[in-house]
1. Computed over the Cα atoms of region 231-323, what is the convex hull's projected area averaged over all directions, in nm²?
2. Along the three principal axes, how long is region 122-276 when you take its alpha carbons, biggest first, rounded to the nearest angstrom?
3. Find the relative contact order for region 200-324 and round it to a whole percent, using C-alpha pairs within less than 8 Å whose residues are 6+ positions apart.
4. Please list, in order along region 296-308, the HN-Hα scalar couplings obtained from phi with the Karplus expression 6.51 cos²θ - 1.76 cosθ + 1.60 (θ = phi - 60°), rounded to whole Hz, x for Gly and Pro.
5. Give me the net charge of residue 277's neighbourhood, meaning all other residues with Cβ under 15 Å from the Cβ of residue 277; Lys, Arg count +1, Asp, Glu -1.
6. Would you mind checking which residues have amide H under 5 Å from residue 48's amide H? H placed 1.01 Å from N; only 5 or more apart, or other chain.
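Nothing in this text is a laboratory measurement; each read-out follows from the coordinates by a stated rule. In this text, all values refer to a predicted model and were calculated from it rather than measured experimentally. Cβ atoms come from the backbone with ideal geometry, glycine included; neighbour counts cover every protein chain shown.
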Amino acid sequence: MTRTDFLALAGRLCLTAHMSKLSGYAGPSARSNPNPYLWHQYTGTRFVITAQTLLDLEYLIAYADPASSWARTPAAALYNGLHAPDADFNLLLQRLRYPISRASNPETLKSGLRTCLTDLADEIAGDLLSLFDTYTTEILPAHAELFSSAFATVDKDLRPREAELFDAVIETLHLRMPFPVEMFFVGHGTVFGAFTSQPSLSVIDVSRNAGLNLIETILHESVHGVERLNANNQSAYALLRRELSSRGLQRDTEAAWHALIFWNSASIIKQKIDPAYVDYGETFGVYDRAFKTQVVALRVVWNQYLQGDLSLSKAISLYVDKLT
């Protein structure tokens, strides 16, 4: 990657990305301006997964150490201010207001703004280029190793049974799920290890997801991506929403549904790949930390459903019974 290419990518991120708001995480930049510097892309019948270095660059810009000198630069102020205006961004704007306030006629206004904008553009370009060495010598090589390992897992454990796993998700939760499902691997930077924004854009941090935990996370995030499509049909999501609402428990929907996705995705891994697999929720303490009550219920009810002893509607009803 040349310094010119790097500057083009970084500048584009400063003006278009929205990483500070999870719901818009790199959607515009990743889709309309794809990064040509990719290590690998997996294109299967159900999933398309891309190692997206552009998102890693965005992390470097968005999460600079607040105590660092770079965090106080005009470039950082521009990026952060477009999403959450602060004092630094206001100072940046003040530099533009000054020639306007001093202008005595249209010519002096144009001249003052031209000089101000040229100086500011030079400063921002310099700020962004100061990240070039860190990005190319530290981030890219380290993430290349992470991506290589992640795609090796995808090739080994997902590729041979992709349709089988995907269909199991659809069938167990009665989901409408258009495919292929688009996902991005990043080397670091997600608060939760993985998340999906709406409309479906899934981001998975492969520094925190490896082995079969990664495959479980792929299945898990694919479900989040189609929640809106399944909010009012006969899916598990819609049935759960209605059941909780009928009992005045709408506030419990997110936790109940999220726990169910964790449990169901892990159960599919056990059924289709490795019966001895340990759930992501257990490995990383998510069950104990956030879903103790839900997991006690799912261990009984959802396992009975997966064994064919309960209908989906009955399983959802019994699940909610145990939550109350």
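1. Numbers: hull surface 23.6 nm².
For region 231-323, the mean projected area of the Cα convex hull comes to 5.9 nm².
2. Dimensions of region 122-276 along the principal axes of its Cα atoms: 59, 39, 25 Å.
3. Numbers: 99 pairs, mean separation 30.0, N = 125.
That works out to 24 percent.
4. Result, ordered by residue: 4, 5, 5, 4, 8, 5, 6, 5, 5, 5, 5, 7, x Hz.
5. Net local charge, residue 277 excluded: -1.
6. Amide H neighbours of residue 48, under 5 Å, 5+ apart: 181, 182, 183.
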